Amino acid sequence: MFNVKREKCYHCNKTVYAMEKLSCENKVFHKRCLRCKQCNKLLSTGNYKYIEGKFYCGPHFKQIFLSIGHYSAFSDEKSKQKKVEKKVEEKKEEVKQEEVKQEEEKQEEVKQEEEKQEEEKQEEEKQEEEKQEEEQEEVQQEEN
């Protein structure tokens, strides 16, 4: 009856109703689902840190950053994912090239078969013509 779009929680993927809704970084959560990736502490819209799809409490965000001195800990997973995606794309390209090659080979085989059939047809026609010529010669010889 009503065309209501049901929003799904970014964390648990269940329907989020207005009374329990939190919105952070263009994502929707239940109030109980917005948690630190490291310690699972309950977060709110005013006390979270966000980087590359992950939410952290302030202390853990700072701890991770200070332990390495840069954001690469956050991007290692993303880097691995990019490598996997690149390999998948390369494999897809290889498969695509192989399919193109097979299709070209198939077309070449069909072309060769058609040429062979055409040659056989021409040979048959030639033999038929020769046969007709021989018959005509025989008829002419018989008439003479």
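The values are calculated or read from the model by the stated rules, or taken from the named source; none is laboratory data. It should be emphasised that the depicted structure is a prediction, and the values quoted were computed from it without experimental measurement. Glycine also receives a Cβ, built like all others from the backbone with ideal geometry; neighbour counts cover every protein chain displayed. Surface accessibility is based on the protein's heavy atoms, side chains included, excluding ligands, DNA and RNA. Shrake-Rupley method; radii C 1.70, N 1.55, O 1.52, S 1.80 Å.
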Where nothing but the Cβ of Lys and Arg (+1) and of Asp and Glu (-1) is charged, how large is the charge dipole of the chain around its Cα centre, in debye to the nearest 20?
5900 debye
Relative to the longest principal axis of the C-alpha atoms of the chain, give the angle of the C-alpha long axis of helix 72-143, reported between 0 and 90° and rounded to the nearest 10°.
10 degrees
Largest first and in whole Å, give the semi-axes of the range 100-144's equivalent ellipsoid, each being the square root of 5 times a Cα gyration tensor eigenvalue.
43, 4, 4
Using only alpha carbon pairs under 8 Å that are at least six residues apart, calculate the relative contact order of the chain and give it in whole percent.
10 percent
For LYS87, counting only lysines whose alpha-carbon sits under 23 Å away and dropping same-chain residues fewer than eight positions off, the answer is LYS78, LYS96, LYS101
Anything over 30 Å Cα to Cα? Flag those among LYS62/LYS92; LYS106/LYS131; LYS8/LYS41, in the order listed.
LYS62/LYS92; LYS106/LYS131
Accessible solvent surface per residue of the chain, calculated while the other protein chains remain in place, 1.4 angstrom probe, Å²:
87 Å²
Using a cut-off of 11 Å between beta-carbons, work out the net charge of the residues near GLU94 (Lys and Arg +1, Asp and Glu -1, GLU94 not included).
0
Between the helical axis of 58-68 and the dominant principal axis of the chain, each derived from Cα atoms, what acute angle in degrees is found, rounded to the nearest 10?
60 degrees
Can you give the three extents of the C-alpha atoms in the chain along their principal axes, from longest to shortest, in whole Å?
119, 53, 16
Please find the FRET efficiency linking HIS60 to LYS86, where r is the Cβ-Cβ separation and R0 is fixed at 25 Å, and quote it to the nearest 0.05.
0.25
